[in-house]
Amino acid sequence: MQDGILKSYIGGRYIDNPALPLADNFNPANGELLCKVQQAGAAEAELAVKSAEAGFAVWSEMTGAERGRIMNKAVSILRARNRELAELEVRDNGKPIQEAEVVDVLSGADCIEYFAGMAAGIHGEHFPLKGAFAYTRREPLGVCLGIGAWNYPIQIACWKSAPALACGNAMIYKPSGMTPMSAALLAEIYSEAGVPDGVFNVIQGSSSVARQLIADERVAKVSITGSVDTGKAIMKDAAGTLKRVTMELGGKSPLIIFDDADIEQAVSAAMLANFYTQGEICTNGTRVFVARSIHAAFMQRLKERTTLLKIGDPMHPDTQVGAQVSPSHAQSVLKYIDIGQSEGAVLAAGGQRVIVPGCEAGWFIAPTIFDQCRDDMRIVSEEIFGPVMSVLVFDDEAEVIQRANATRLGLAAGVFTRDLARAHRVVAKLQAGVCWINNYNITPIEMPFGGYKESGLGYENSLSAIDCYTQRKSVYVELTGVASPYA
Ligand SMILES: NC(=O)c1ccc[n+]([C@@H]2O[C@H](COP(=O)([O-])OP(=O)(O)OC[C@H]3O[C@@H](n4cnc5c(N)ncnc54)[C@H](O)[C@@H]3O)[C@@H](O)[C@H]2O)c1
Ligand SMILES: C[N+](C)(C)CC=O
């Protein structure tokens, strides 16, 4: 960034085009102008594709071990600069520093480290045949496009770029316009680590520049983290060139608490599943189903502990609930809180904007709990993406499974019970890509991450992501000659 203006990072350097329109980027906690961002257009998109093609030609010729060694240098730099990058993320997104310092950058670094270690082991298979054999080569796809959401900006950029680069691809990454800063620093760090120019490019701009890249036949794949509606629009656009797609989309996930659960643990999980990152997490367990016999005890502890949460300046080390990412997003969350009340849900905690001294321009929302919710309420069926929990009561296992699955979404689910047989029986029936037993929102890199139904397509993390960034070439090798039926 120069003179407060953030530009696209293409071919290993920032590309200046003073003719481009500028978008303001604010700190959501206090309204401070962080930078202006040059909104890339057709010329930058073209340059990004050409640079990525050139980067791909060099990177894909390296061995996996060579790529992994370079990626591991980026891991060291990320870890060494954790505090600085975490602070940047807090200013861009509004989340508490006590979260960003232990999750955002470090989980991104963990992901790069995991795939760096895997790069040398990406290979095909051998098939012995009669008088012949066959083998497969696992080849990179080429130029991949990554599109990010604003809630975990650097983590999402790492989750997409790490498997892509380990497999030998080049990437053009478009961060959300709301949180454009950390992806640019990630690009600088990859360059400093020795990733060749053009292998990881960051294009700054709106959905229109992303759409131009999706339409481009030289781009082999698009991986999007965003809302379901955006995923559907991208899938339509990607169909024009039959691009491969990975989609990490929205959720309205159930957290089921059975009558034998440890109530204190279940309350901890319900709070983490709704109030971490001020509720702006795709996997959040926003439909909390509680067994009728423990409902009163659960609600009592939930309310007591929720009122203790510290809402405040995200940069303060004690703050546990930061600012919503933008005024318009906060207003959408507050609208849902109004809808919940008009639908007849009982407001058990929160429900209002909180003015934080020193951060008066920020939009902070008190962690909100609705009790006595019904499945047909909009607050129960629509993704809010803010600190709003809906509590629902259930009577038996079959009923709660049916209600948990009664949605077009299927990103995640949680089950709390001391009965192991019940836990596995219920999880087997839940229509969700990621399930937790006696915990919530834990996403180790070793575990595939992806949604069922309209929550997604394909996987991030784990060995599964390698499949999403490679293609197999089957090679048949004749050893005994052509058996020709022709004269
Ligand atoms: N499943 C996951 O891993 C995951 C993680 C984080 C967020 N999310 C979801 O993301 C949503 C919140 O993030 P958001 O508001 O940034 O989402 P969004 O869908 O509005 O935007 C996501 C990205 O897509 C781009 N975009 C929007 N329309 C586009 C189009 N037609 N073509 C190409 N690009 C387009 C945006 O510029 C942005 O970079 C929530 O629904 C949340 O559940 C999912
Ligand atoms: C944070 N993350 C990407 C694991 C889940 C979605 O917000």
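The values are calculated or read from the model by the stated rules, or taken from the named source; none is laboratory data. Quick caveat, the model's predicted, so the values are computed rather than measured. Neighbour counts are summed over all protein chains in view; Cβ atoms, including those assigned to glycine, are modelled from backbone coordinates with ideal geometry.
Only a single item in (1) more than 16 Å from ligand 2 (Cβ to nearest atom); (2) outside any helix (DSSP H, G or I); (3) of a type in the set (S, T, N, Q) is not met by Gln324, and it is number (1). Among the residues of region 464-472, is there at least one that is part of a loop (DSSP other than H, G, I, E, B) and not assigned by the TED database to the domain that holds Ala269? Yes, some residue in region 464-472 is part of a loop (DSSP other than H, G, I, E, B) and not assigned by the TED database to the domain that holds Ala269. Applying the criterion of being near ligand 1 (Cβ under 10 Å from one of its atoms) and acidic (Asp, Glu) to the residues of region 195-251, the residue that is surrounded by the most Cβ atoms within 10 Å (Cβ to Cβ) is Glu248. Among the residues of region 430-440, are any farther than 23 Å from Glu399 by Cα, within 12 Å of ligand 1 (Cβ to nearest atom) and touching a residue at least 60 places away in the same chain (Cβ under 8 Å)? Scanning region 430-440, I find no residue that is farther than 23 Å from Glu399 by Cα, within 12 Å of ligand 1 (Cβ to nearest atom) and touching a residue at least 60 places away in the same chain (Cβ under 8 Å), so the answer is no. Entry remark, region 275-318: residues being within 16 Å of ligand 1 (Cβ to nearest atom) and aliphatic (A, V, I, L, M) number 1 in total. Within region 84-106, the set of residues being surrounded by fewer than 18 Cβ atoms within 10 Å (Cβ to Cβ) and touching a residue at least 60 places away in the same chain (Cβ under 8 Å) comprises just one member, Glu87.
One line per residue, one yes/no per condition, for (1) under 14 Å from Gly386 (Cα atoms); (2) of a type in the set (Gly, Ala, Ser); (3) assigned by the TED database to the domain that holds Gly279:
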{"position": "Ala330", "(1), (2), (3)": "yes, yes, yes"}
{"position": "Ala345", "(1), (2), (3)": "no, yes, yes"}
{"position": "Gly351", "(1), (2), (3)": "yes, yes, yes"}
{"position": "Ile355", "(1), (2), (3)": "no, no, yes"}
{"position": "Thr368", "(1), (2), (3)": "yes, no, yes"}
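Take the conditions (1) touching a helix residue (DSSP H, G or I) at 6+ places or on another chain (Cβ under 9 Å); (2) farther than 25 Å from Ala42 by Cβ; Val202 misses just one of them, which is (2).
The conditions of being under 15 Å from the mean Cα position of the chain (by Cα), more than 16 Å from ligand 2 (Cβ to nearest atom) and not assigned by the TED database to the domain that holds Ser390 are met by Val222. Taking each residue of region 462-487 that is within 17 Å of Ile156 (Cα to Cα) and looking for partners that are part of a loop (DSSP other than H, G, I, E, B) and small (Gly, Ala, Ser) with beta-carbon atoms closer than 6 Å, six or more apart or interchain, yields Cys468/Gly458.
Residues checked against (1) more than 29 Å from Lys232 (Cβ to Cβ); (2) touching a helix residue (DSSP H, G or I) at 6+ places or on another chain (Cβ under 6 Å); (3) away from ligand 2 (no atom under 16 Å from the Cβ); (4) modelled with pLDDT under 95:
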{"residue": "Gln372", "(1), (2), (3), (4)": "yes, no, yes, no"}
{"residue": "Gly386", "(1), (2), (3), (4)": "no, yes, no, no"}
{"residue": "Asp396", "(1), (2), (3), (4)": "yes, no, yes, no"}
{"residue": "Ala404", "(1), (2), (3), (4)": "no, no, yes, no"}
{"residue": "Asp419", "(1), (2), (3), (4)": "yes, no, yes, no"}
{"residue": "Pro448", "(1), (2), (3), (4)": "no, yes, no, no"}
{"residue": "Gly451", "(1), (2), (3), (4)": "no, no, no, no"}
{"residue": "Leu479", "(1), (2), (3), (4)": "yes, no, yes, no"}
